[in-house]
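Heads up: the structure comes next, in structure tokens.
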Amino acid sequence: MAEHGFSAGQRVVVTWDRSSSAESLKELVEKVQTAVGAEGHVAVENLDQLLQSAHVESSFDVALLGLVPGSAAVHSTAMLADIARILKPGGRVLLKEPVTSASVTGGSTVRTAARLSSALTLAGLTHVTEVQKQPLTLQEMQAVQRQLGYQDNDLVLLEITGKKPNFEVGSSAQLRLSFAKKLTPAVKPHVDSAAAQLWMLSATDMDDEDVDLVDSDELLDSEDLKKPNPSSLRADVCGEGSKKKQKACKNCTCGLAEELEQEKQLAVPQSSVGTKSACGNCYLGDAFRCASCPYLGMPAFKPGEKILLNQNQLQDA
């Protein structure tokens, strides 16, 4: 087992499945135990019971998956994630698994070498490296096909390694951030004192005869003194400029408030004899009129249009 880089005192977990024999498992465990020495520890775990194991986090230095001769196990993503959990920071994974050399798996449980490498990476392992691909003999090919239910003859045995990062899951570390040195404040440009005096005006200069001041009334001409037309002050969103009639502003200065008030007053039709509408909907037609409306039976009319009622209609109302 020298090729796997074991050292004395290491803790190693070995997984096995039903496709490998007990004799092969025993032989592998003895070799690993000899490599780690009496101070080391070798744990044997059934692959099907791995997720129910009671191993605590960061328990092992090395994990051997599928290294028992004759193994045809396919390691799920959950199994690989649990292996990454029980490994110590910096721990290694040695894995053998039959993979297909085809570019598409066709929905089979057998993965390609690229997908197996991605599965190890998604489990949280780094430095994932393919070590070698071993061709299977005819007997090994048939045995793997029976175990996996695979029909094609494009299987190879891939040996791959991975490493757990040198930190535990959920750990935190302080980041050292380097900030750029603060820039020195810019030096203010020198201002000529004589030039600065040209832009200074004190209260005493108002009475100085040598200082020429411009009369503010001379800044306005006759056009500026004219009262503006309210229609020219109206914004596009007011009245005719918008698709929808807008409400007047709270402090309306364009005349829209007065215009809306006049329209509101004209909306209530007045008759020659002083008849007033109680609801303001008389001009809309009978569908909108009250039961006692004097305009019942009359057609709709424009708001503000003067409607004459004869004496009989007034008496009926």
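Selection within region 214-265: residues that are basic (K, R) and under 20 Å from P303 (Cβ atoms). The member of this set that is modelled with the lowest pLDDT is K244. If you go through region 64-92 and keep only what is closer than 16 Å to L116 by Cβ and either part of a helix (DSSP H, G or I) or touching a Pro at 6+ places or on another chain (Cβ under 7 Å) (or both), you end up with A72, T77, A78, M79, L80, A81, I83, A84.
Looking across T126, T112, one residue alone is in the same structural domain as S20 (by TED's automatic domain parsing), under 29 Å from the mean Cα position of the chain (by Cα) and of a type outside the set (F, W, Y). It is T126. Would you call S202 polar (S, T, N, Q), at pLDDT below 75 and not assigned by TED's automatic domain parsing to the domain that holds E305? The answer is yes for S202. Hey, can you tell me all the residues within region 6-44 that are touching a helix residue (DSSP H, G or I) at 6+ places or on another chain (Cβ under 9 Å) and exposed (fewer than 13 other Cβ atoms within 10 Å of the Cβ)? Scanning region 6-44 gives S7, A8, G9, R18.
Of all the residues in region 45-72, those that are of a type in the set (V, I, T) and either surrounded by 17 or more Cβ atoms within 10 Å (Cβ to Cβ) or within 11 Å of R11 (Cα to Cα) (or both) number 2.
Scanning region 44-53 finds one or more residues that are more than 21 Å from F6 (Cβ to Cβ), at pLDDT below 90 and assigned to a loop (DSSP other than H, G, I, E, B). Exactly one residue out of D61, D82 is over 22 Å from A22 (Cβ atoms), among the acidic types (D, E) and touching a strand residue (DSSP E or B) at 6+ places or on another chain (Cβ under 8 Å): that is D61. Answer yes if at least one residue in region 112-134 is part of a loop (DSSP other than H, G, I, E, B) and surrounded by fewer than 13 Cβ atoms within 10 Å (Cβ to Cβ), and no otherwise. No, the conditions are met nowhere in region 112-134.
The values are calculated or read from the model by the stated rules, or taken from the named source; none is laboratory data. Predicted model, so just to flag it, every value in this text is computed and none were measured. Positions of Cβ are generated from backbone atoms using ideal geometry, with glycine treated the same way; all protein chains shown enter the neighbour counts.
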